[in-house]
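Novice: I have a structure here, written as structure tokens, and I will follow up with some questions on it.
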Amino acid sequence: MAIKSHVQTTINGETVEFLCESRQSLLEVLRDELHLTGAKEGCNNGNCGACSVILDGRLVNSCLVLGVETEGKSVETIEGLAAPDKLHPIQDAFLENAALQCGICTPGFIMSTKALLDSNPNPTEHEIRYWLAGNLCRCTGYDKIVRAVQDAAKASA
Amino acid sequence: MESWGEASESRLIGKRITRLSGKDKVTGKAKYTFDINRPGMLYGRILRSEVPHATVMGIDMSQAEALPGVKAVIPLIESGKKLRYQGQEIAAVAAETDDIAKDALRLIQVHLEALPHVVTEADAMAEGAPQIRENWAGNQSEPSINKNRDVAAGFEEAAVEVEATYHTPVQTHVCLETHGHVAEWEDEQNLTVWASTQGVFGVRRDLAQYFGLPPNQVRVITEHMGGGFGSKFGPGSEGEAAAKLARITGKAVKLMLTRKDEHLVAGNRPSMTQHVRAGATRDGRLIAYDMRGYGTGGISSGAGFVGPYVYHVPNTRTERVNVAVNAGNQRAMRAPGHPQGAFAMDSLMDELAEKLGMNPLEFRRINDSSEVRQAQYTLGAQEIGWHRRNNVPGAGNGVKKRGMGVGSGQWGGGGGRGTEARVTINADGTVEAVTGTQDIGTGIRTAIAIIVAEEFGLAPTDITVKVGDSAPGLPSGGSGGSQTTASVAPVIKTAAAAAKQKLFEHIAPLLEAPVADLRVGTGIIYVASDRTKTITWQQAAGQLGMESISEGGHWAEELRKGVVAGTQFAEVEVDTQTGAVKLIKIVAVQDCGLAINRLTTESQINGGVIMGLGQALLEERFMDAQTGRMLNANLEDYKIPGTFEIPEIKSIVFDTHRKVTGIGEPPCIPTPGAIANAVYNAIGVRIRELPLTPDRILTALAEKKA
Amino acid sequence: MEKFSYVNATSLEQVTSLLSDSGWGEVMVIAGGTDLLGELKEYIETPKTLINLKTLPGMDSISADGSGLKIGALATVADIAMYPEIQNHYTVLAQAAGSVATPQIRNVGTLGGNLCQRPRCWYYRDETVDCLKKGGELCYAIEGLSKYHAILGGDPVYIVHPSDIAPALIALGASLKIVGPEGEKTMSVEEFFTLPATNPYRENVLEPNEIVVEVQVPHPKSNAKSFYLKAREKGAPDFALASVAGVFEMEGNTCQAASIVLGGVAPAPWRSTEAEAALTGKMITESVSMQAGEDAVKDAQPLNDNAYKVTLTRNLISRAAMMAAK
């Protein structure tokens, strides 16, 4: 029998409880236990950013955070971004700028963008590249993603 | 005769339209295969060989079977058979959690008798190397020789010659979503598989065959998938294993590859080494080309590459050999054979031009018979500012040196027959377009909506597009070879046209006009000769009463055409102290025939260029001769471009004719050659192997100094 | 990963006591986890128990006054990179911290973890390869692919130390505080690291039951300029092919004193006294700076694939010195 810990945390503003083994990453908990599959597994060791979520206001790779470490903390995932009746400006900007193709990296990029704009509402292009350097995309070539972030910054201004 | 009409007549086609399904992707709602969760689902994992070459003496699965939570363990290889590369499948497990499945793999005991291995071409081809592939003495295939006219005579006419060796390493696809399937049996005879695939119907066919089922009892679904680039055709042994485990356990099984598995077994672009001797006449015409080349596509596959390429050489001799190594087999990777061959050819062209004292662009013009590309050269040269290019490669004393280079490419495309599609108009005015193609990120879903919407005077968002499901029984080919749009678009268009015709026939009496006189406008249908006679789309559809109109299409060949041309101009800056190469700007001029959606077409060009950048500057598979293992089966040491690598990109969709061709692959072809030539122009030292990493740059600069 | 039990740390005594119950690898501490969890996922380490240090109060703070900095071992790399006093007066440290990995990793990775991280060597990180560092017979880099390996101080294990922060701290003359069951001790960050000739199995002097708790950095002299130059293959994330942490006390363009520490070229951050000597008291010119670089690498012993690092290191030192002279 696996020994599981009981964890209580806040996810997208709601209190959530789950059981998990200590070796389960937050990514595994989100996807396999809570069925929040927005965060993706791309490499499972912190190199691609597809699993990016915001933990206590900081952008992290959920594949390198243990589920048990979210006790008493707050997690924001892609699923919590849009309002019930409309998309977040970042989401709109990604759509309008065609900043996605296969889309598997997109939730990670959007969370990284949110983390960036939350602390720096008016980033330069260099800053955008620097703060999104932890997210890999194999399809788009990044150019449209950078433009989407610039537009999102303008829209949120 | 079908036609897309003139650009001036198009309301939607050729414009920049936002991607459908984008909303699901930006909200995290889009379900990829990796995201599928089925009731009672088990997790599957595969045990893979950790050694490059060994005979299997026995597999003991008992401890794994006994682990609580494990529901099935199956062997994937028999005793007595050989493991021939790190990563080859040994056994598969299905368990209640992913962790239990991984634990179970580690409890499987495998008894092996090690065999000697070779994992590099040099080691495989060396005198006395162990033979690792039956019938391939020296681990090499029989040479494949091609001749055109008389290469010896050609060299007699040559005023200048270049003899050089060009090399590119093995590259892996790095799809961000790994390969995998979720398999679930409804009963003994009916299987549903969610697959991360480029070919829904191919997976259906192969799994139906594997299990001896009629194809329509296998349903394959790919609503969204996270990248394929050529590697995701067919279920593979992992798909078969998932379905087998699902059958044995009676539960759905999700079996995804790990990132390490992906690098090892999910395909790669083979390596290439070309020894070339080529000559040109004094007036700049290519006259002779003699190439001996080889590469490895793994243990049992080939290493195709183009050469000569794009530019015309009348006298040629080429000799190609495939080399077997103990490594995973190649799979088609974006424009198979072309980017590496283009790198070699474009480098060669520049080297010949230099010997002739000619501008490399002028030299290309003399030898390039493509009118399209001639025009693209003019446009691209202007955009990049080709006149600013260094006249003397490596000139200047600065630490950071800039240079420019050009590269070219060509591709087929043009699609193929075999797609079936259906367009349905319902009485409530809704429209559905269904076909069995899959949107692998290309935006075909949106293109379909655009075509149907154009035909009906509606907006793309009014069209419900269903793709990626074999259940409707409307086959389409795999999404590869840049074939999707050209295969699907003509069928969708003709289906929509047929449906529109039927609708017109239905409402013509109401409008008191002949069918031939009816036209669509934005949201309306009107009579051409009397514009006061008009009804809305809603009203027209409402006339159908209890019925709906559903029409298929046909592959109208006149709506598509093969052959595209492209050229790219690169400007780089090389830091001669650190060896770092920065791509400053790249101009990509790419024709793709009729671009249905300009926005998604530009995206493809951008993405292709960056993949080419990765090949030129970063990507390389490292095999360790001692252990026979891949050293960088991860995303730390297998490096793909990130946000810091992007240059200023000018992607120009070069309009030629108005027939659909294809765009997925062409944009990644000219890039490595353009960058390599730009680096030479910057530093005055020719590096003939990729990637152009700092170690190669610094070594080359040091050798130049010496 | 293998299963493990996870315990929150309540005090330093509890931590060192738990660590004292076994040798290396059975009980391990986890801070940010960005390196450790990577090792667990590859089964390089298979601890039975992880002690979460993040619940220890007060160990993540950064404080600065006129005499210097005190940085708790649990301060994140991001916090260090963004700390205004560090950006303004300890530039080499801010640049080094800012060059680490990615924003996601910097937000979680800690100072202690960055200093104590294990090598990235692809033989070391391969579970099936029984390399010398892991107790085997052979350093596979010697005959293998050595493009990312050491050119200085290697014998007999040719890893490079992957930390960016360590060279910066050594260049600043920092010291650190270690806590064990016997109490605390302080040493310079330079002394903290060891070479394989002394101990091929570890990269620093920590005993299995000790942890780093704090780093102290003296305030640089008022005339000091400092930089961190990191040569990489791609922008980020990427470990250094070679890096230079330099602190230069300048009078105009005469160098009164220099502290030059190399990263990515040796199994420990490598203090180049040769380069320092070549610059001290000299007016920095192109040729003086190049000479310093040459002196730094004159005893380099490249392996099959990493001779380029000799040139690269020389050039980086020269560049750093020239930047100081501006």
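The values are calculated or read from the model by the stated rules, or taken from the named source; none is laboratory data. Computed from a prediction, not measured in an experiment: that's the story for all the values here. So basically every Cβ, Gly included, is an ideal-geometry build from the backbone, and we count neighbours across all protein chains shown. Note: areas computed on protein heavy atoms with side chains; ligands, DNA, RNA excluded. Shrake-Rupley method; radii C 1.70, N 1.55, O 1.52, S 1.80 Å.
Novice: Would you be able to say whether some residue in the stretch C:47-58 is in contact with an Asp or Glu (Cβ under 9 Å, 6 or more places away or on another chain) and touching a residue at least 60 places away in the same chain (Cβ under 8 Å)? Break it down into steps so the answer makes sense when it comes.
Specialist: Within the stretch C:47-58, the first condition is being in contact with an Asp or Glu (Cβ under 9 Å, 6 or more places away or on another chain), and the residues that meet it are C:47-49, C:52, C:54.
Restricting the remaining residues to those that are touching a residue at least 60 places away in the same chain (Cβ under 8 Å) gives none.
No.
Novice: In this structure, is B:LEU245 open to solvent by less than 10 Å² (accessible area, probe 1.4 Å), out of contact with any helix residue (DSSP H, G or I) (no Cβ under 7 Å at 6 or more places or on another chain) and either more than 14 Å from chain A (Cβ to nearest Cβ) or of a type in the set (Asp, Glu) (or both)?
Specialist: Yes: the conditions hold for B:LEU245.
Novice: Checking C:ALA81 against (1) more than 18 Å from the chain's Cα centre (by Cα); (2) open to solvent by less than 30 Å² (accessible area, probe 1.4 Å): exactly one of these is not met. Which one?
Specialist: (1)
Novice: I would also like to ask the following. What helices (runs of 4 or more DSSP H), lying completely within the stretch C:109-219, carry at least 1 residues that are among the β-branched types (Val, Ile, Thr) and touching a residue at least 40 places away in the same chain (Cβ under 8 Å)?
Specialist: C:165-171, C:189-192
Novice: B:PRO641 is checked against (1) surrounded by fewer than 24 Cβ atoms within 10 Å (Cβ to Cβ); (2) modelled with pLDDT of 95 or more; (3) within 27 Å of A:PHE94 (Cβ to Cβ) and fails just one. What number does that condition carry?
Specialist: Unmet condition: (1).
Novice: Please work out which residue is farthest from A:LEU100 (Cα to Cα), limiting yourself to the stretch B:405-446 and to residues that are within 14 Å of chain A (Cβ to nearest Cβ) and not acidic (Asp, Glu).
Specialist: Of the stretch B:405-446, the ones within 14 Å of chain A (Cβ to nearest Cβ) are B:438-446.
Subsequent filtering for residues that are not acidic (Asp, Glu) retains B:438, B:440-446.
Values: B:GLN438: 16, B:ILE440: 12, B:GLY441: 8, B:THR442: 10, B:GLY443: 10, B:ILE444: 14, B:ARG445: 14, B:THR446: 13 Å.
Here the residue is B:GLN438.
Novice: Among the residues of the stretch C:46-88, write down those that are under 25 Å from A:TRP131 (Cβ atoms) and among the polar types (S, T, N, Q).
Specialist: C:SER61, C:THR76, C:GLN87, C:ASN88
Novice: Turning to a different aspect of this structure: Taking B:GLU223 as meeting all but one of (1) farther than 15 Å from B:TYR32 by Cα; (2) surrounded by fewer than 24 Cβ atoms within 10 Å (Cβ to Cβ), write down the number of the exception.
Specialist: Exception for B:GLU223: condition (1).
Novice: Let me ask you something else. Does B:ASN606 satisfy being modelled with pLDDT under 95, touching an Asp or Glu at 6+ places or on another chain (Cβ under 6 Å), within 14 Å of chain A (Cβ to nearest Cβ) and open to solvent by less than 20 Å² (accessible area, probe 1.4 Å)?
Specialist: yes
Novice: Within the group C:LEU69, C:LEU93, which residue is open to solvent by less than 10 Å² (accessible area, probe 1.4 Å) and part of a strand (DSSP E or B)?
Specialist: C:LEU69
Novice: Output the residues belonging to the stretch B:581-603 that are of a type in the set (A, V, I, L, M, F, W, C) and surrounded by fewer than 23 Cβ atoms within 10 Å (Cβ to Cβ).
Specialist: Residues satisfying the conditions are B:ILE584, B:LEU599.
Novice: Of the residues B:ALA195, B:ALA183, which is under 30 Å from B:VAL325 (Cβ atoms) and crowded, with 19+ Cβ neighbours inside 10 Å? Reasoning before the result, please.
Specialist: Numbers: B:ALA183 fails: under 30 Å from B:VAL325 (Cβ atoms).
When all the criteria are applied, what remains is B:ALA195.
Novice: Does any residue of the stretch B:45-57 turn out to be within 14 Å of chain A (Cβ to nearest Cβ) and in contact (Cβ under 8 Å) with a residue 40 or more places away in the chain? Full working, then the answer.
Specialist: Initial filter on the stretch B:45-57 (within 14 Å of chain A (Cβ to nearest Cβ)): B:45.
Retained after the next criterion (residues that are in contact (Cβ under 8 Å) with a residue 40 or more places away in the chain): B:45.
Yes, the stretch B:45-57 contains a residue that is within 14 Å of chain A (Cβ to nearest Cβ) and in contact (Cβ under 8 Å) with a residue 40 or more places away in the chain.
Novice: Report the residue count in the stretch A:121-157 for those that are in a loop (DSSP other than H, G, I, E, B) and either more than 18 Å from the chain's Cα centre (by Cα) or more than 11 Å from every other protein chain (Cβ to nearest Cβ) (or both).
Specialist: So the answer is 8.
Novice: Also, quick follow-up: If the Cβ limit is 9 Å and pairs must be 6+ apart or interchain, which residue in the stretch B:653-666 that is part of a strand (DSSP E or B) pairs with which residue that is open to solvent by 30 Å² or more (accessible area, probe 1.4 Å)?
Specialist: B:VAL653/B:ARG598; B:VAL653/B:GLU602; B:PHE654/B:VAL372; B:PHE654/B:ALA375; B:PHE654/B:LEU379; B:VAL660/B:THR485; B:VAL660/B:ARG560; B:VAL660/B:LYS561
Novice: Quickly run through the stretch A:48-88 and pick out the residues that are acidic (Asp, Glu) and within 12 Å of chain B (Cβ to nearest Cβ).
Specialist: Listed by number, the residues that qualify are A:GLU76, A:GLU79.
Novice: Of all the strands (runs of 3 or more DSSP E) wholly in the stretch A:1-92, which have at least 2 residues that are within 14 Å of the chain's Cα centre (by Cα) and surrounded by 21 or more Cβ atoms within 10 Å (Cβ to Cβ)?
Specialist: Answer list for the stretch A:1-92: A:52-55, A:58-61, A:74-76.
Novice: Residues that are over 27 Å from B:ARG334 (Cα atoms) and either more than 28 Å from the chain's Cα centre (by Cα) or without any contact (Cβ under 8 Å) to a residue 60 or more places away in the chain (or both): does the stretch B:162-172 have at least one?
Specialist: Yes - at least one qualifying residue is present in the stretch B:162-172.
Novice: Ok, one more. Among the residues of the stretch A:121-142, are any open to solvent by 10 Å² or more (accessible area, probe 1.4 Å) and touching a residue at least 40 places away in the same chain (Cβ under 8 Å)?
Specialist: no
Novice: A follow-up question, please. Restricting attention to the stretch B:667-701, which residues are part of a loop (DSSP other than H, G, I, E, B), in contact (Cβ under 8 Å) with a residue 24 or more places away in the chain and among the aliphatic types (A, V, I, L, M)?
Specialist: Result: B:ILE669, B:VAL685, B:LEU690, B:LEU692.
Novice: I would also like to ask the following. So B:GLU558 fits all but one of (1) within 28 Å of B:SER369 (Cβ to Cβ); (2) more than 14 Å from chain A (Cβ to nearest Cβ); (3) buried (at least 24 other Cβ atoms within 10 Å of the Cβ); (4) not small (Gly, Ala, Ser); what number is the exception?
Specialist: (3)
Novice: Same structure, new question: Given the conditions (1) within 14 Å of another protein chain (Cβ to nearest Cβ); (2) out of contact with any Lys or Arg (no Cβ under 6 Å at 6 or more places or on another chain); (3) assigned to a loop (DSSP other than H, G, I, E, B), which single one is not true for C:ALA266?
Specialist: Every listed condition holds for C:ALA266 apart from (1).
Novice: So, in the stretch C:17-54, how many residues would count as being in a loop (DSSP other than H, G, I, E, B) and either more than 10 Å from chain A (Cβ to nearest Cβ) or buried (at least 20 other Cβ atoms within 10 Å of the Cβ) (or both)?
Specialist: Final tally of qualifying residues: 17.
Novice: Condition first: part of a loop (DSSP other than H, G, I, E, B), under 30 Å from B:TYR85 (Cβ atoms) and open to solvent by less than 20 Å² (accessible area, probe 1.4 Å). Now tell me which residues in the stretch B:310-329 satisfy that.
Specialist: Restricting attention to the stretch B:310-329, the residues satisfying the condition of being part of a loop (DSSP other than H, G, I, E, B) are B:310-314, B:324-329.
Then drop every residue that is not under 30 Å from B:TYR85 (Cβ atoms), which leaves B:324-329.
Listed by number, the residues that qualify are B:ALA324, B:VAL325, B:ASN326, B:ALA327, B:GLY328.
Novice: Just to be sure before I move on: is B:PRO647 within 14 Å of chain C (Cβ to nearest Cβ), under 21 Å from A:TYR142 (Cα atoms), buried (at least 24 other Cβ atoms within 10 Å of the Cβ) and touching a helix residue (DSSP H, G or I) at 6+ places or on another chain (Cβ under 8 Å) in the structure I sent? Step through it out loud before you land on a result.
Specialist: Values: within 14 Å of chain C (Cβ to nearest Cβ): yes; under 21 Å from A:TYR142 (Cα atoms): yes; buried (at least 24 other Cβ atoms within 10 Å of the Cβ): no; touching a helix residue (DSSP H, G or I) at 6+ places or on another chain (Cβ under 8 Å): yes.
No.
Novice: For a quick check of your reading: which strands (runs of 3 or more DSSP E) sit entirely within the stretch B:16-84 and have at least 2 residues that are more than 28 Å from A:SER52 (Cα to Cα) and either open to solvent by 60 Å² or more (accessible area, probe 1.4 Å) or of a type outside the set (A, V, I, L, M, F, W, C) (or both)? Quick ask: steps written out before the conclusion?
Specialist: Values: elements: B:42-48, B:54-60, B:70-75.
The qualifying strands (runs of 3 or more DSSP E) are B:54-60, B:70-75.
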